[in-house]
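The values are calculated or read from the model by the stated rules, or taken from the named source; none is laboratory data. Because the structure is a prediction, the values reported are computed rather than measured. In this analysis, Cβ positions are derived from the backbone assuming ideal geometry, glycine residues included, and neighbour counts consider all displayed protein chains. Each accessible area value is taken on the protein alone, full model and side chains, heavy atoms only, with ligands, DNA and RNA left out. Shrake-Rupley method; radii C 1.70, N 1.55, O 1.52, S 1.80 Å.
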2 protein chains.
Amino acid sequence: MPRQNPPDTHPARLSLISRHLAPVYPINTPYTVERLPDTIDTSLLPKTQSRSFSASPSKMTSQPPHPTLLIPGPIEFDDAVLQSMSHYSESHVGAGFVATFGETLFMLRKLFQTSDPAAQPFVLSGSGTLGWDLVAANLIEPGEDVLVLGTGYFSDGFADCLRVYGANVTELKAPVGTKPQLPEIEKALSEKRYKAITVTHVDTSTGVLSELQHLSALVHRVSPDTLIIVDGVCSVACEEIAFDAWGLDGVVTASQKAIGCPAGLSISMFSGRAMEAVKNRKTPPAAYFASMRNWTPIMQNYEAKKPSYFATPSPQLIHALHTALSQILSKPLADRFAGHKATSDKVKKAIADLGLKQVAANPDEQAHGMTAIYLPEGVKGADLLPILAKKGVVFAGGIHKEIATKYIRFGHMGVSALDPKRTDIDHAIKALEEGLAECGYKKE
Amino acid sequence: MPRQNPPDTHPARLSLISRHLAPVYPINTPYTVERLPDTIDTSLLPKTQSRSFSASPSKMTSQPPHPTLLIPGPIEFDDAVLQSMSHYSESHVGAGFVATFGETLFMLRKLFQTSDPAAQPFVLSGSGTLGWDLVAANLIEPGEDVLVLGTGYFSDGFADCLRVYGANVTELKAPVGTKPQLPEIEKALSEKRYKAITVTHVDTSTGVLSELQHLSALVHRVSPDTLIIVDGVCSVACEEIAFDAWGLDGVVTASQKAIGCPAGLSISMFSGRAMEAVKNRKTPPAAYFASMRNWTPIMQNYEAKKPSYFATPSPQLIHALHTALSQILSKPLADRFAGHKATSDKVKKAIADLGLKQVAANPDEQAHGMTAIYLPEGVKGADLLPILAKKGVVFAGGIHKEIATKYIRFGHMGVSALDPKRTDIDHAIKALEEGLAECGYKKE
């Protein structure tokens, strides 16, 4: 009983209080905890609320005025998506919600460009990181070899997660700002039989883009039994991913990046071959909540519009994802990818015009949904980011342990990159130029 | 820099479309899949949308008309909580959100009635089920013994989860509708040294309430090293839990039950003793996303209002939880528990007056946030539940594998149980009486 429900397109009429401005400080990760003081300088915290921004892009939405969030996820939301978060309470096994969840899973097949009925989408409550557990606890058995292509903080994290579940991990690490190259990957694949290879499509720590099509062709040629697993957290819905055509076996992502839905969902697609690997494990999956065996019948039932239960999903987040996917699929995906590339080109040209360098130096290795920008000599992120926040623009600090204090990150995904009614990107470029000048930077 | 922010109390002005009515069908779990036909009878699915309910309780809110959700979670939401779900996008490491998350963690200490600084709250994106993984992957090492008090579907699930991570599980099972009794628990504890004992405070499959205070005293007396772990998914915020006074070591719960926040958050509290057990493991935690070692510094940083990152939380869900907890803590907790008991007494009296029996037969073992009701001879849940849905009331079907088709579940938590402006419970009781009559039932 397929349903043809239009996405919620009613204008949001929200009356949320703009509680706090939100300057961003360098984050305090396990890697960076040592370099941060015990206490944050609270003089940077906003003392009073303010609703006035000289050129706030949020005027173009019905959301209350707020600084524009241009970090590499979460991103700014479309009004209808945000409105869907306030959907009244529904049973997770009621016919209405089951239909919504089923349609959502079906739309993910379109987003990932797969028409193979053996491919299986999963949507679970969780952070994007949970996708690593899905791969590590289900596709890999203890002692099996995995080749991890090292591009930065997030490939390191994937490797850590794989080791937790007993994988024997080989990391092929590239220098900061680059990616492992095909000849060295071919060499590595020819030296050992790997159960899987993992690639971080866009490493959010560096803005390095990995190329999937030729990589996948190489793996299929040199090591045809090796599963090809993509961390697509910062790439799905802004970089092309042709799941079937490129012969991928797994793509894991999250809701809050280019898909443009609030955070809280782990989203993934696995090939029939990957599903067979789960089925044929000698040992049971090594996790319970993250067990694909527990979730597979549930996802298949939802997609067949049959009520089903393993653990309670979040109806509100699923509604928001349904709205986001409906919007994405209302236009050709090729246009969406081209739109992100055009915005990215504009940002990268502006960065170069400002005399700044990117962490990802090679144009072929630069992501299209974010840009990691080296700070000029003498300018500190801890000074610049609060200045940008005062101008209504929120960028992110560095996260790669080797260069964390030396760069900032500018996210340009979703409505901020694509909606012609929004001036987020122009405003952010102008704010960056002014902020750098206020920090004493002059282009040489 | 503590903040005194009032909860969002602005009236919600939502314009969501009432897309579907939501009748509930027997759910298709791994346990019940064999007893259900391959396809659901689609004649039960609503063919047209309707916005008129003869006595819709949702008229008392600013939410669009919809059937009142009276299943044992998710529950009906307060307008301000639902409104918080549409909070504009914020950085997960921005000062505003960090303060909100920090306050949320602090409020959880109040809700669990702990003032021990060594106790540690966790809030992760995930379903309530993820709490089982937290316990199984962090507190228990492979080969260690765990005593599981068997009360139904959910204690079975906890046992399954523990086994996945290598625990040696002993299940002390009680007959359906009852709980293991103290003398047999004492006997079991004296026969083996258990690392932990788990108790499902309210087993959502049967409505059986377990008593924690005397149980905990027994464990401390007979087996003082044994960690006392409570599955509080269907009890936190409607049944009293005195974490410190009763000497509990872990309580895991979810956002969508008596706390009254939308689903999508795993919420837990662990004692200093439990945290020591995690610290002193001989083997690393057996999960990555569910690793308490990965999350502990993050939770501590958030509570100290310091930005921190391991995986991206869901700002919108955290805002909703913040609002829900602010509301709960604005009144004495004792009043909240007494209010749930009063509503429960009313429901249970009405059930008895209708000549119906509860799955939990013993009044001392009956939960106060839900009631599991045996259907009269000749009345099928598959007939009754859609009739109730047409009357604007959504109940849940059975889930305990031994009696699944023989009973239904009526949830009475949160605003439906406590808000004097709502008539949800009276309306539901009337609908049940009428629905049973329409199914041919006459009280003997």
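The rows are residues; the columns are (1) under 30 Å from B:H322 (Cα atoms); (2) of a type in the set (S, T, Y); (3) crowded, with 24+ Cβ neighbours inside 10 Å; (4) within 14 Å of another protein chain (Cβ to nearest Cβ).
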position: B:A119; (1), (2), (3), (4): yes, no, no, no
position: B:D133; (1), (2), (3), (4): yes, no, yes, yes
position: B:D160; (1), (2), (3), (4): no, no, no, yes
position: B:A174; (1), (2), (3), (4): no, no, no, no
position: B:T200; (1), (2), (3), (4): yes, yes, yes, no
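Within the stretch B:135-148, track down each residue that is open to solvent by 10 Å² or more (accessible area, probe 1.4 Å) and within 18 Å of the chain's Cα centre (by Cα).
none
Residues of the stretch A:84-107 being in a helix (DSSP H, G or I) and among the hydroxyl-bearing types (S, T, Y), which ones? Please lay out each step first, then the result.
Going residue by residue through the stretch A:84-107, those that are in a helix (DSSP H, G or I) are A:84, A:95-107.
Across the stretch A:84-107, the qualifying residues are A:S84, A:T100, A:T104.
Please work out if A:A167 is open to solvent by 10 Å² or more (accessible area, probe 1.4 Å), without any contact (Cβ under 8 Å) to a residue 60 or more places away in the chain and of a type in the set (A, V, I, L, M).
Details: open to solvent by 10 Å² or more (accessible area, probe 1.4 Å): yes; without any contact (Cβ under 8 Å) to a residue 60 or more places away in the chain: yes; of a type in the set (A, V, I, L, M): yes.
Against the criterion (open to solvent by 10 Å² or more (accessible area, probe 1.4 Å), without any contact (Cβ under 8 Å) to a residue 60 or more places away in the chain and of a type in the set (A, V, I, L, M)), A:A167 qualifies.
Condition test on A:I185, is it crowded, with 24+ Cβ neighbours inside 10 Å and over 19 Å from the mean Cα position of the chain (by Cα)?
Working: crowded, with 24+ Cβ neighbours inside 10 Å: no; over 19 Å from the mean Cα position of the chain (by Cα): yes.
The answer is no for A:I185.
What number of residues within the stretch B:90-103 satisfy the criterion of being crowded, with 24+ Cβ neighbours inside 10 Å and out of contact with any Asp or Glu (no Cβ under 9 Å at 6 or more places or on another chain)?
7
Considering the stretch A:235-251 alone, what residues qualify as being farther than 16 Å from A:L325 by Cα and crowded, with 21+ Cβ neighbours inside 10 Å?
Of all residues in the stretch A:235-251, those farther than 16 Å from A:L325 by Cα come to A:242-251.
Passing the criteria: A:F243, A:L248, A:D249, A:G250, A:V251.
If you scan the stretch A:408-417, which residues turn out to be out of contact with any His (no Cβ under 8 Å at 6 or more places or on another chain) and open to solvent by less than 10 Å² (accessible area, probe 1.4 Å)? Don't jump to the end; show me each part of the working.
Narrowing the stretch A:408-417 to residues out of contact with any His (no Cβ under 8 Å at 6 or more places or on another chain): A:408-411, A:414-416.
Residues satisfying the conditions are A:I408, A:F410, A:G411, A:G414, A:S416.
Here is a list of conditions, (1) more than 14 Å from chain A (Cβ to nearest Cβ); (2) on the phi > 0 side of the Ramachandran plot; (3) not aromatic (F, W, Y), and B:G126 meets all of them except one; can you say which number that is?
Evaluating B:G126 over (1) more than 14 Å from chain A (Cβ to nearest Cβ); (2) on the phi > 0 side of the Ramachandran plot; (3) not aromatic (F, W, Y) leaves (1) as the failure.
Return the residue satisfying two criteria in turn: it lies in the stretch B:299-343 and is open to solvent by 40 Å² or more (accessible area, probe 1.4 Å) and aliphatic (A, V, I, L, M), and of such residues it is nearest to A:D133 (Cα to Cα).
So, considering only residues that are open to solvent by 40 Å² or more (accessible area, probe 1.4 Å) and aliphatic (A, V, I, L, M), the one nearest to A:D133 (Cα to Cα) is B:A304.
Just to be sure, is B:T114 more than 15 Å from B:Q316 (Cα to Cα) and in contact with a strand residue (DSSP E or B) (Cβ under 7 Å, 6 or more places away or on another chain)? Working first, answer last.
On the way: more than 15 Å from B:Q316 (Cα to Cα): yes; in contact with a strand residue (DSSP E or B) (Cβ under 7 Å, 6 or more places away or on another chain): yes.
In short, yes.
If you take the residues in the stretch B:259-288 that are free of Cβ contacts under 8 Å to residues at least 60 places away in the same chain and within 10 Å of another protein chain (Cβ to nearest Cβ), which one is least open to solvent (accessible area, probe 1.4 Å)?
B:Y288
Can you name the number of the only condition in (1) under 22 Å from the mean Cα position of the chain (by Cα); (2) among the charged types (D, E, K, R); (3) surrounded by fewer than 22 Cβ atoms within 10 Å (Cβ to Cβ) that A:D383 fails?
Against the list (1) under 22 Å from the mean Cα position of the chain (by Cα); (2) among the charged types (D, E, K, R); (3) surrounded by fewer than 22 Cβ atoms within 10 Å (Cβ to Cβ), A:D383 comes up short only on (1).
Determine whether B:Q256 is in the same structural domain as B:T178 (by the TED database), at pLDDT 95 or above and open to solvent by less than 10 Å² (accessible area, probe 1.4 Å). Write out each step before concluding.
Numbers: in the same structural domain as B:T178 (by the TED database): yes; at pLDDT 95 or above: yes; open to solvent by less than 10 Å² (accessible area, probe 1.4 Å): yes.
For B:Q256, the condition - in the same structural domain as B:T178 (by the TED database), at pLDDT 95 or above and open to solvent by less than 10 Å² (accessible area, probe 1.4 Å) - is met.
Criterion first (touching a Ser or Thr at 6+ places or on another chain (Cβ under 6 Å), touching a residue at least 60 places away in the same chain (Cβ under 8 Å) and open to solvent by 20 Å² or more (accessible area, probe 1.4 Å)) does A:H368 satisfy it? Outline the logic, then answer.
Values: touching a Ser or Thr at 6+ places or on another chain (Cβ under 6 Å): yes; touching a residue at least 60 places away in the same chain (Cβ under 8 Å): yes; open to solvent by 20 Å² or more (accessible area, probe 1.4 Å): yes.
When the stated conditions are applied, A:H368 passes them.
Kindly indicate whether B:F395 is within 14 Å of chain A (Cβ to nearest Cβ), within 21 Å of B:P121 (Cα to Cα) and either surrounded by fewer than 19 Cβ atoms within 10 Å (Cβ to Cβ) or in contact (Cβ under 8 Å) with a residue 12 or more places away in the chain (or both). Can you show your working first?
Numbers: within 14 Å of chain A (Cβ to nearest Cβ): yes; within 21 Å of B:P121 (Cα to Cα): no; either surrounded by fewer than 19 Cβ atoms within 10 Å (Cβ to Cβ) or in contact (Cβ under 8 Å) with a residue 12 or more places away in the chain (or both): yes.
Here the answer is no, as B:F395 does not meet what is asked.
Keeping to the stretch B:149-158, report how many residues are open to solvent by 10 Å² or more (accessible area, probe 1.4 Å) and not hydrophobic (A, V, I, L, M, F, W, C).
So the answer is 2.
Kindly indicate whether any position in the stretch A:298-317 is more than 11 Å from every other protein chain (Cβ to nearest Cβ), touching a helix residue (DSSP H, G or I) at 6+ places or on another chain (Cβ under 7 Å) and under 30 Å from A:T226 (Cβ atoms). Full working, then the answer.
In the first step, residues of the stretch A:298-317 are kept if they are more than 11 Å from every other protein chain (Cβ to nearest Cβ); the result is A:299, A:303.
With the extra rule that they be touching a helix residue (DSSP H, G or I) at 6+ places or on another chain (Cβ under 7 Å), the set shrinks to A:299, A:303.
Narrowing the set further to residues that are under 30 Å from A:T226 (Cβ atoms) leaves A:299, A:303.
Within the stretch A:298-317, one or more residues are more than 11 Å from every other protein chain (Cβ to nearest Cβ), touching a helix residue (DSSP H, G or I) at 6+ places or on another chain (Cβ under 7 Å) and under 30 Å from A:T226 (Cβ atoms).
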